[in-house]
Every structure is written in C-alpha cells, then in structure tokens.
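Some notes on the structure that comes next.
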Amino acid sequence: MSQVPSVRERRTVGLLKRLRLSRAVVNVILGLVAVFWLVPTISLLVISLRPESLFGESGWWTVFTAPSQLTWGNYTTIFSQGFAAGGVLDSLTTSLEITIPVTILVALISSLAAYSLVFGSWRGRDWIFLVIVGLMVVPLQVALIPVVQLYREMGNLFGLNPYGTIPGVIIFHVAFGLPFGIFLMRNFLTGIPKDLLEAGRIEGAGEWKIFYSIVLPLALPAIASLAIFQFIWVWNDLLVALVFLGGNVHTPLTIFLYDQTRSLAANYWIVSTGAVVSIFVPLIVFFSFQRYFVRGVLAGAVK
Amino acid sequence: MSSVTLRELTKQYAGNAGLSLDSVSLDVAHGEFICLVGPSGCGKTTALRMIAGLESVTSGEIEIGDRVVNDLAPRDRDIALVFQSYALYPHMTVFGNMSFGLKIRKVPKDEIKAAVTDAARILDLEQYLDRKPAQLSGGQRQRVALGRAIVRNPAAFLMDEPLSNLDAKLRVQTRAEIARLHHRLGATMIYVTHDQVEAMTMADRIAVINLGKLEQVGSPRELYLRPANQFVAGFIGSPSMNFVPMHVESIDGGIRVVSAGGDMDVNLDDVESAMIHRAGVSDVVLGVRPEHLDHRPRSGRGLQLSASVDVIEFLGNDEHVHLSSGSHELVAIVDARTPLTIGDTLTLSASSEAIHLFHPETGVALK
Amino acid sequence: MTSITTEEPNVTSPKASRGRGWWRRNWVSLAFLAPGIIWLLAIVVYPTIATIRFSFFDESATKFVGLHNYASVFSTDEILTAFKNNIIWVLVFPFFVTFIGLMVAVLTERIRWATAFKAIIVMPIVFSTTASALVWRTIFDLDPHIGVVNAIEQTVSDWFSAPGAYPLNSSTGETVASLATFNAKGGPGGTLVSSSAVQPGGTVMMGLTRISSVTLQTLGAKTPVAPHEMAAGIAGLVWNDFSTSQPSNTTSIVSDEHGLPNLRLSLVSSKGSSVASTVTDASGDFSFSHVAPGSYHVQILASNFQIAFVGTFWLGSPSLTPVSSLNQTAQSLLSVPLIDLAMIISYIWIWAGFAMVLIGAGLAALNREVLEAAEIDGANEWQTLRRVTIPMLAPVLTVVFVTMVINVLKVFDIILNMAPGSSQGPATTLALTIYNDGFTGGIHSGLASAVAVILFLLVVPAMLWNLKKIKG
C-alpha cells in the first residue's frame, strides 16, 4: 500500500468521496428526522420550565437565546397542593394504584393460564388458545356499556358496585390485558423443554411447585416484557378511566391532563407540567428496561 | 475466465488488534481450481469475501484479469459467488433467481432465457424452474446457487463452503458434480472449505491458511508428501499425522534420534543427518502418518518403535489402532486381518521416505 | 371452561372411573386456567354478546327494535362523519407509518449512532396519547408565539411579504378605508388619499384612527406638530386622530394624540401619477420639496397596512378537499378537515417507532448473504432494497400494516385531546362516537352499541388473519 501508483490513488480518493457522501447524506437525513422527533418532547419540557406569563408572549424556542427564562415555578405550583384530591400528586398516586395491581394480576393470571395451556394434558387446549388469540383484537369499546351495567348489577346484588371505583377500572383492564398476556406467555413457555418439568415431577414436585420454582424463573424475561408492556399500556389509558372513573375525586394522570385542557383551555403551562410528570414514570421504565420493552413490542405486534 | 492474483493481501477489522489476513500472496492461473483450506476462523472466508468485494482491503492488491479491483464494487468485478447458505432469493422462482443478475445488467430477454435454460440443463434443474426455493431440497437449492453463478459466465467463480449444508452422501455426490462442472466450463474457481478431504479431492492446487497466514500452496500430492511445516502436515491427511518430540544424540561421529523413553528410534540416512546438523538443533519433532506405520520390525533405515495397543477401531478393510509408546500416543492403520487384542505390544516401523522431521520451535520441515 | 363443563357429567356417568381419573389428572391444570377464563368470559366475552344484543334494542334496553339502530347509524350525520374520518385514517395512516418505519429502519443500519436514534424514535410510544396530543396541540397552535409550525410559517411568509408598520387587524375584518377620520378617504388598491387637493406651498393634515397604542409605542410615536408651509414644497402631518381626553374632537390636534411615524407616502399628481415619495418622522410630519406647480393629493401606500401573518388553523376543520358548494351531508362525507392531517402527523410521531422496531427486527433476521448475493449479482442499493429486501420483508410489513389498521379503527385519545371543542365534531371517529353516545350527555346506548358492533365487525378480518397466521 506504501508505493501506490498515482492512478490508483486518485481512484481510491474518488471511491472514498462517494462513500463518504452517501454516508453523510444518510447522517443528515436521520439527523433531521431525529430533530423532528425530539422537538415535541423538548417543547413540552421547555414549556413546563417557563413562567406562565411568558406563554403566549413569546415562543418556547426563545429559551435557547434567553435561558434565564427557565424556572421551577410551575412545578412548585402544581406540587404545592400536595396529595389533595384533584392535584397532580394525587393523580400520580391514583395512576400507580391502578397500574401496579393490573400489571401484577395480568402477569400472574396469564402465566398460570399459559402454563396450563402449554403443559396441561387435556384435549381442547389449542382450541381455547385460538379463541383467546381471537379476543386480542376485540375493541374494548365493545364491552364498555354492558360492563358498566354488570357493575351496577353487582351493586344491586352484593352491595358492592365497582363502577366509579379503582377496583372497577382494574377489573376491566385485567380482562383486556389477559389475551395478549396469555398469548405472549404461551409462546414463550412452548420453548421450555417438557423434560424439565418431567424431571421436576420425578423429583416429586407438584404442579404448583413446578410452576413457581421451575417455570416462573425461566419465564422471567417474558414476564418482564409483559409487565412493562402492560404497565405502560394501563398507565397511558384514558378511555377506560374516563368511563369507569370519570366522576371520582381521585383520577389518574391522563384524566388530570384531560380535565385541565378542557376546563382551562389556554393553560398549557399547567397541562405541560402535568404531562411531564405523567411521562416521567413510563420514561424511567422504558430506559431501564428498553430491551424487554422492545421484546414486548415485537411479541405484541398483533394487538 | 481470467486469472486472480493476490498481492500481500491484508485485512484488519476495526477494533481488532490482530490481523485477520496477514500479507497473503497467491496466483490463481486462468482456469485453475484452487481451494483455500484451513480451520474455521483462519481467514479463508475473509480472503474470499475480499476478492468478491464484500470486505474492504486493508492493504495489498487484488487483481482479476489485468485489473486491480481493490476499489471496485462487487458488481463491477465480474465474479460470481456461491454462498454457504446458498442465499437464494426466497420470493423468486428458480428462474427468477438464476436470471436476476442478468436482468439487473439489462441483458435482452431471449438471451437471459437461453442462458438460464442452458444452465438448468447442465444442472438438471429444468423441471424446477417455476418453483420457489422453499419447495426445493437442499441439493436442488445448492444447484440453483451454482446455476445463478453459471449464467453470469463470470471471470471467476468464488465458492464459500458450498457443500457444508448438505448431508454426507449428497456432499460426495455434489463434490464430483462441481469437479465435472469445472472441467466442462474450464472456469477459474476459488473454493473455500474447512474440509481437507474436499480440498484434496477437487483442487488443482490447495492453499492452506492458518491464523491469517498462508502456510503452503501446492498440489494435493505435494501437500501430502512434502508438507512445508508441522501445521500443514497435521491438517492434510486423515487420520492426522502422528507427532512425537525426539532428542538428537551423537553417536560414533554420526547422530541418532530417539524418543524420551527410548521406545522409538530413527535410523537416519545421510541426507537427514546432514539436515539436522545444518539446522543445529538438539531436538526435533518426528512426524509419521498412521497409514505409513507397518506392523513389522525395521529393515535398514527408518523408524522403529514398540507400543502397546489401547483401542482398536474396526473399519472394515482396515483398523485404526490407538497405541501408546512410552508417554506418547499414536495412531496406526493396520490391515483388519491382523490379529490384535488390547494390551498387545507391537513393533512398528516406517520407511525413511515416510518420515517427516520438523523444527521443534518453528515447526518448519527439516526435510 | 368449555372442557370443564363438558367433562363434568362424566363424574356421575357410567364411565365414572375414567371421569374421576381424568379429573384427578387435570384438576390442577384446569384450576390454573380458571381465573383467566372466568375473567375473560365475564368482562370480554359476555359483554361483547350483550352489546350485540343491545344494538337491537331501544334506549331503555327493553324494547326490541330490530335493525332500527343500524338504520340510525347510517342516517346520523355525526356517525357518517365518524365513518368518513375513520376511512381517512385507515387510508393514510397505516401506509405512511409503515413506509416511514421501513425507510428509517433501513437507513438506521448505516449510522454509528443507531442506538441513540432508535431510542429517540421509539420514545413517544411510551408517552400517553393524551400527553402527546397535548404537546402536538401546542405545536400546531394558531398563535405563532405558541405553535412552532405557525412560527415557521410566519418566518417564511415574512421573507416574501413583510407586514407593514400598521397591519390591519384581520380578525375584525378591518379595512383600510375604515381607518380614515380626517381629510382622508380610501384610495385605489388599499391606499388612503387626502380628501383635499394641495398646491406647492400648502400643507396637508390627515387624521387616522384605530391605530393600536402598542404599535405607536413600539414605533416611538411623538406628539404631532402642525406642519409649516414651505416654498415650492408640500409639508404635512399624518396623526392618530384620537384623544382619550377629547374623544369627540376629530378635526384638530390634541396634546395627548400621536403622530404616525414610518408611514410610506407618495405625492400623486392630478393625472394620477406618483411624482415623489417620502416617509413620516417620529411626530408624523413629512415634506415634499421642489414640487412643480399643480394640484396634488397625498397618498398613504397600501404596504403600510399589509396584514400581519395569519396562521394556519391546523386544529380547525377547513376542508382540504373542495366541498363548499355541496350540501350539508355531502360536505360532512367528503370534506377532509385540516385537523385530520395534523392528528395523523402527530399519530405518526407516536407510532413510527413501533413500525421501525418491528421492521428493524425483520431486517436483522434477514439472511445477510442474500443481500450480498444481490450485490454480487450487480444490483445497486436501491435495486437491492426494492427487489430483494422489501419482498423479503413483506410478511413483517404486512404485520405492521394490519396492526396499524386495527389501531386506527379504534383511534380515540388523540381526537379527544388534540381537537379543540369546535373541531371535535368534524374530527370525530367511531370510537369517539361510541364514547359520546354511550357515556356523555343524553345516553344512546342502543346507537352506541350498534356502532360498537360495527367497529367489532371491522376488526374481524384482522382477527381471522391473525388466527390463520398463528395456526399456519
């Protein structure tokens, strides 16, 4: 390579130039795409960090030339209510109160059902699985009205009406989380060799023991994917909460935001601050478990 | 058809301290069938992919015909490559697969049809032209991959372990088919394999590569009879050559080579003595192929050893006998009719021509 | 569950021993399945059947009305609009999101910062659609001090036609002529012309009104000074003829009035041609010197009143298709409201990451050697992409596409949160109609149920496709 003839040298330079140019073009295009994709998130953050008085006076982008605009004021304001009903912290708590039980229940019930469908020895398992897969695409709008009535019936019969309560929301979310959960867990569990379970049975372990000491540990990655997916799904739900919890004093963050936009149409600053609070939790979950989340997305392609 | 020349071809992958290919020079004559052989990870596939243009050249030159092709894109190099996985286009029919390269090059339709029909006839694929790869057997897919290369009528055929995905029986069959194809087309072929049997049976010449370095180039016979070093000696031939470290002793003004326990000794001829003398070593590595060990005492020059039988592998016509001689283990091929039992002590010998001596440190052949 | 009930009689049947054995072997397994199945039957299967039943009953859910609700569906403008919007969503969104996902996934393979890039694109999936919709609502805001899109439009529009020093207020429908109060009247092409003619040596005073005090302050307007006559020249004053202390005085200068600075004027001869031009000073005074004898008028140019940039009402319902000449129903069926476009852009922002991840995984699973074979066969990058990569990705692309079709059939949150009240109607979709009819205001559960059943029927093909994919 040291004594390269000049002709070749020129050709090499030409090739490098071509390569670098096309790579540069790709970098520029994707750079622009990335900027476009970041603008909304950045604007949300900046609006939440600018004083209320500046909103509508000047664009949020002026912050890049005048960074002194930034203030924690909006956060102080919306946190000042503390955990009082209707405040953002109360909504944050409510969101967690809904999301965490749903996530746990869906993960547990799906794992149990999938275990039964994969390792059971009774006939008709595949058939039931197909029905469950069919349920995956059922729009939840289809079930809303009858479930509200079902809840009322429960109130009449047992004096426990879940309508308007957090358990009411949880029950509904779990039901619509199960088809995907069972689908994902079954697909994962079919990859576990049956020999492993049989080894457990020979050792004298019962079904429950096999489930929690052999299958569950092995299925942990799938459970993680399912849990993260379910968590984000429920955290971000608006419709179910609106229908079943609309009148409640404690509402999740999505309803908090929705109410703020509706009642104070121009108060974007409080809405933006609330929105930042609302995306904070899923963002942490996303960045800590990105790999599992992506796996969940891949598995959930049919939802 | 053209010749292919590699000049001090070197490849270093980014982030890798070592060289994947270290200054390999090789001349492939017009119409020659050459095998690049070596253990997996030795750099042979890298070399092939560099010739194809799929890997960049760190330094050195590749010449196809009279052109230096270092900076040419694969499509401009006029080569065809048969991949290990066949790499057929799954969404195209056999005809589509074989004609794709010609279509891209805007060859007239009737010419494409003629070329594909021709290749299909040679490869016995005529009745499968409308099928998709998924509907073909492994052997048929392999032939489609070959056909895709043939229709292009390239300056050189490159093949990357094309038989490794076939079962043993089909492999033997296809091996012969490729050899026939080579004679028929008279094409320059560069064939990569890790299987020395494939290389021995098909190649005009073999280039043995190890750890990125070219160890030896030569005809199969040359490599078998006169390996340049211990690596080549061990790599070519099956079962592998026996190696025993020996000590050089002076006696009566001459020299003698014996093993540590004295169970083996070599009666050197003058040429061998002179060579050891010239190398100035006090230790050598003795090499002898299992098939060259005879079950009889030495007469005249050569190796003699006594060893006890550990394992006998019956193979029909002959037996592979695993032996231990002192602290060394050896394999010998003996006639299956020889009555042997485990624990027997045998006296084996090898003629002077069958003995290889290697430098103890560099592994270079001394004779 | 079906298995449990069908096998139950066996316990007491003649084959009791076999039944008992079956139970003993399988009861744990069935118990594992039971919670999931009961939950699904109660909250998914039964309600779906109940909804189908409701859709044939009246609002009180007691009187069977046959297909009446379905007939109403197709005669209710609101629901027809919803259908139309769903069709727009289905036609536009899945295609673009798949296309963008594909392009981005292919290009990402060539950059060093792919991990960061992918994280940036995927991030919006984890945001609630509610939050995303609110962000995009600000981005598309009409006010260029709030909405980035309109701010950019304004910048671009100002390059081509800068607003004048005294832009008309377009929102009140103000005209140039309406600004004139004293010795001024509307002239040709949006100008103002002095009512009285003037000869060299004379002076002109023109009074305007309704000039905003903010504008005057910004321009540094001073107290007007009456013009002095000049030989062979014409001097004059243009002032804001409105005094807070003497609001009714429209004929003379009052001390708390302001001159109008920076006005571009021209002197027009009796033949109507412009002979000279000038600009007023801070107190609104101007002068033309060396004027040939004759009779002149002073003209205030139209560019002074060039309307300031009017943003695009992205969140409104002006139609992208020409439908204004059609009747009400045809309009609601054929108009493509602008907000649909804004919402689809926002929704692409949310979901492109999903498409990218799926397609990226598909790309990673492709046999690299096939792509290399295409390279060796002489295909350039574009040919390889079009004739080899995309056909090989077809199954993944279909999954993405179908998933996105199902997704937008159910599209809801983004409309509820992104469309301002005035646009909710024109932007409505089936899912939103179900919510509005079923749960807000006067409840029409029969109608809502009928729409829900239709929505369900629309996803059935996707359901069957799913099942086929899993079984095959």
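The values are calculated or read from the model by the stated rules, or taken from the named source; none is laboratory data. Since the model is a prediction, treat every value here as computed from it, not as a measurement. Don't worry about glycine lacking a Cβ; one is built from the backbone with ideal geometry, like all the others, and counts go over all protein chains shown. With ligands, DNA and RNA removed, areas are computed over all heavy atoms of the protein, side chains included. Shrake-Rupley method; radii C 1.70, N 1.55, O 1.52, S 1.80 Å.
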*Does C:G101 fit the bill of being in contact (Cβ under 8 Å) with a residue 12 or more places away in the chain, crowded, with 19+ Cβ neighbours inside 10 Å and touching an Asp or Glu at 6+ places or on another chain (Cβ under 6 Å)?*
no
*Among the helices (runs of 4 or more DSSP H) contained in the stretch C:16-75, which hold 3 or more residues that are in contact with a helix residue (DSSP H, G or I) (Cβ under 9 Å, 6 or more places away or on another chain) and over 26 Å from A:L117 (Cβ atoms)?*
C:46-54, C:68-73
*Which residue out of A:G181, A:G191, A:G155 is surrounded by fewer than 23 Cβ atoms within 10 Å (Cβ to Cβ), part of a helix (DSSP H, G or I) and at negative phi?*
A:G155
_Being more than 8 Å from chain C (Cβ to nearest Cβ) and either open to solvent by 10 Å² or more (accessible area, probe 1.4 Å) or touching a residue at least 24 places away in the same chain (Cβ under 8 Å) (or both): is that true of A:S95 here?_
yes
_Exactly one condition in (1) closer than 11 Å to C:F309 by Cα; (2) among the aliphatic types (A, V, I, L, M); (3) at pLDDT 80 or above is false for C:A162; which is it?_
(3)
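For B:V271, state whether it is open to solvent by 30 Å² or more (accessible area, probe 1.4 Å) and of a type in the set (A, V, I, L, M, F, W, C). Outline the logic, then answer.
Values: open to solvent by 30 Å² or more (accessible area, probe 1.4 Å): yes; of a type in the set (A, V, I, L, M, F, W, C): yes.
Answer is yes for this residue.
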_Hits in the stretch C:76-88 - residues which are in a helix (DSSP H, G or I) and open to solvent by 10 Å² or more (accessible area, probe 1.4 Å)_ = C:D77, C:E78, C:L80, C:T81, C:F83, C:K84, C:I87, C:I88
_Single unsatisfied condition, C:L142 versus (1) assigned to a helix (DSSP H, G or I); (2) more than 7 Å from chain A (Cβ to nearest Cβ)_ = (1)
*For A:R262: the one exception among (1) under 17 Å from the mean Cα position of the chain (by Cα); (2) open to solvent by 40 Å² or more (accessible area, probe 1.4 Å); (3) at the interface with chain C (Cβ under 10 Å from one of its Cβ atoms)*: (1)
*Residue count for the stretch C:196-242, restricted to those that are buried (at least 20 other Cβ atoms within 10 Å of the Cβ), among the hydrophobic types (A, V, I, L, M, F, W, C) and in a loop (DSSP other than H, G, I, E, B)*: 2
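From the residues in the stretch B:285-306 that are at pLDDT below 90 and outside any loop (DSSP other than H, G, I, E, B), which one is farthest from the chain's Cα centre (by Cα)?
Only one residue fits best here, namely B:S306.
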*Residue tally, condition part of a helix (DSSP H, G or I) and open to solvent by less than 10 Å² (accessible area, probe 1.4 Å), over the stretch C:118-134*: 9
*Taking the stretch C:444-458 only, how many residues are within 9 Å of chain A (Cβ to nearest Cβ) and either surrounded by fewer than 19 Cβ atoms within 10 Å (Cβ to Cβ) or charged (D, E, K, R) (or both)?*
1
*Could you check B:T117 against (1) more than 21 Å from C:R368 (Cα to Cα); (2) part of a loop (DSSP other than H, G, I, E, B); (3) open to solvent by 30 Å² or more (accessible area, probe 1.4 Å) and say which number it fails?*
(2)
*Got at least one residue in the stretch A:158-173 being more than 20 Å from the chain's Cα centre (by Cα) and aliphatic (A, V, I, L, M)?*
yes
*Selection count where residues are of a type outside the set (S, T, N, Q), exposed (fewer than 15 other Cβ atoms within 10 Å of the Cβ) and facing another protein chain (nearest Cβ under 9 Å), scope the stretch C:362-380*: 1
_I need the full set of residues from the stretch A:133-149 which are assigned to a helix (DSSP H, G or I) and within 7 Å of chain C (Cβ to nearest Cβ), in order please._
A:V133, A:G134, A:L135, A:Q141, A:V142, A:A143, A:L144, A:I145, A:P146, A:V147
_Positions within the stretch B:241-268 being open to solvent by 30 Å² or more (accessible area, probe 1.4 Å), small (G, A, S) and touching a residue at least 60 places away in the same chain (Cβ under 8 Å), in sequence order_ = B:A260, B:G261, B:G262
